[in-house]
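Read the structure below first, then the notes.
Nothing in this text is a laboratory measurement; each read-out follows from the coordinates by a stated rule. Model, not experiment: these values are computed from the prediction. Using ideal geometry, Cβ is built from the backbone for each residue, glycine included, and neighbour counts are taken over all protein chains shown.
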């Protein structure tokens, strides 16, 4: 029996409060009851808050997530009606709003280059984890993509977070401009199809290597240099996580994708991510613990316990989703479809760096007319086996010639090199975390580390 992922099993639905501030549900239900009561009397009820009453950090408004409200401008019009200028930040105390049409450097989020990211899925062909208690006789198929969020949503959140952090540390707008642009565009060279397509040619399709090429392709390097004093050579160092602002970008990037990925996977499935997110609803307030030294030589976190919770949340993201063999089994499938097209020149580097997922789906539809790879994916068709020992892995591979693909997962960065304040001294998280905390993170890494073989089910 096969069902589509849109059919949720009765016990699977996520609690209303998941990803929200713990006070939001009460506020929303109170508002809803009052709205119904007023409506029965023929009165329209709204709960408005003026934008001028919202806390601001630089050019970003910090919209509280602890209560239901509609934010209005000086004319009484609701702002952030859609998602163009409001970035959702799950598991935190604030969402972010910026007037993109008014703030000049945020207008760069309206460019053709940036809009392309709105048509590239953040998680590609990854699918939600399969709970162990599901009936093994029921297989699940998924529409592509299985998750709704995009590189555009992620990149915009990174830009807004960067603005809030830098402004709160006293950086002037002129100083912030090049850094915000780099943060917003740090993923601009992601190829159509996402991370799995980079495996087609790791060198030619590397994001960091192509960062300058893509910006030049759209004429942005010259434009930004004149308008904002943007230095592409310095920005390339930041994208590679070098220097203070490069390290800050690395931290904020991890926060942004962890918050969004964990929200959507937890909404879709019961898993460790969901359980931990429900128990720790404000994990992502860790961004407020970032402290940049006065001499601007370094940054560190002021709350080691909250940093640990964030790193453990991110570890669960890897075990439940990013490095879960069930979730990623068909991620390689897309690579295998595109590889021969790339080698024959049917699909080119320039196309992959300037087109989007819809374009790639059309290419696959034409190139593989008998397959539905661009519409539906079925991870249940692939089995996998993990080995901790390389010799056993190679022996199994030699005896199973029908393997679809193999891979070695070396694990993920635990974040133990992140710096924290220990009193007035800055040291690494490894030096501050307890032995049990470190073991908990390392155990998550051990679960995914190993040699994997994937093959078609009989």
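Tabulated data
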item	result
Antiparallel content of DSSP bridges confined to the chain, in %, to 5	80 percent
Geometric extent, Cα atoms of the stretch 134-241 - Rg, Dmax (angstrom)	17.7, 62
Kirkwood-Stokes translational diffusion coefficient of the stretch 274-401, alpha-carbon pairs, 10 °C, 1.306 mPa s, µm²/s	82 µm²/s
Among beta bridges that DSSP assigns inside the stretch 45-153, antiparallel share in %, nearest 5	75 percent
Residue-averaged [θ]222 nm for the chain, counting only DSSP H segments that reach four residues, each worth -39500 (n - 2.57)	-12500 deg cm²/dmol
Inter-probe distance in nm under a simple model that places probes 7 Å from Cα toward Cβ, at residue 425 and residue 25	4.4 nm
Sorted by Cβ neighbour density within 10 Å, fewest at the top, the residues 262, 271, 397	397, 271, 262
Protection proxy ranking of 326-333, 448-455 - average other beta-carbon atoms within 10 Å, highest first	326-333, 448-455
Cα gyration tensor of the chain - equivalent ellipsoid semi-axes, whole Å, descending	35, 28, 25
Alpha-carbon centroids, the stretch 399-458 and the stretch 78-152: separation in whole Å	26 Å
Estimated distance in nm for a label pair at residue 67 and residue 137, the labels positioned 7 Å out from Cα along Cα-to-Cβ	5.4 nm
Residue 33-residue 413 FRET efficiency (beta carbon distance; Förster radius 56 Å; 0.05 resolution)	0.75
Ranking of 135, 357 by count of other Cβ atoms within 10 Å, fewest first	135, 357
Residue exposure sequence - 305, 362, 133 - by fewest surrounding Cβ within 10 Å	133, 362, 305
Contact order relative to length of the chain, as percent, for alpha carbon pairs under 8 angstrom and 6 or more apart	17 percent
